[in-house]
Amino acid sequence: MGAAMRRLWLPLAVLGLVVPALAGAGPSGETIPLEGNGPGERLDVTLVQVVDPAPAEGPGDVPEQDERLVAVQFRLKNTGTAVYKDSPQNGAYLLDTTGQRFAGSPRATAAGAEFPGLVTVRPQDTALGFVTFEVPRDAEPAAVQFAMNSGFADDVGQWALGSKT
């Protein structure tokens, strides 16, 4: 596995402890194979791009003055035998260099098409979409995590992000 990609088998609560060690690696764009909790649940998950800051889609999506939006695009390829039916934004987290975790936000961005509330991907099919995060204006994103089953699967993919400097 590359230095920018980590496949983790730890509960999500523990993952915040490893973030400072991952800071500084470039965005991987690598694909991480993940397994869900049910039989035949498998995805190849790719972090496609990060838009930081991401422009709000409309007036109701503008964050508070001391916050900004970050949009992360994922490609989900169903490599299993079961239909993947889930809410990807529930299983995605953005971590900053201080170890703070941010869950997906309901705010929409103009970065591109977001995943709908429920995604259904049949075996061998692919879904592409953004998950939006609302973070403090001065936060430095360090990593992005994704787990199946709305974040409850034990198999967690993590991509390290490079610094903005």
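Assorted remarks:
- Ala54 long-range amide H proximity, modeled H, under 5 Å: Leu69, Val70, Ala71
- Label point distance in nm, Leu128-Asp66, each placed 7 Å from Cα along Cα→Cβ: 3.8
- Debye log10 I(q)/I(0) for segment 44-131, one point scatterer per Cα, at q = 0.17, 0.18 Å⁻¹: -0.73, -0.81
- Placed amide H near Arg42: partners under 5 Å, 5+ positions off or other chain: Gly36, Thr79, Gly80, Thr81, Ala82
- Sites listed here are GluC sites (Glu not before Pro) in segment 39-69 whose DSSP assignment is loop and whose Cβ has at most 10 other Cβ atoms within 10 Å: Glu64.
- Charge context of Thr98, other residues only, Cβ under 11 angstrom, K/R +1, D/E -1: -2
- Per-residue 3J(HN,Hα) values for segment 75-83, derived from phi via the Karplus relation 6.51 cos²θ - 1.76 cosθ + 1.60 with θ = phi - 60°, read 10, 10, 10, 7, 9, x, 9, 9, 5 Hz in sequence order (x marks Gly and Pro).
None of the figures in this text is laboratory data; all of them are computed from the coordinates on show. Computed from a predicted structure; not experimentally measured. Every residue, glycine as well, gets a Cβ built from its backbone with ideal geometry; the counts of neighbours run over all protein chains shown.
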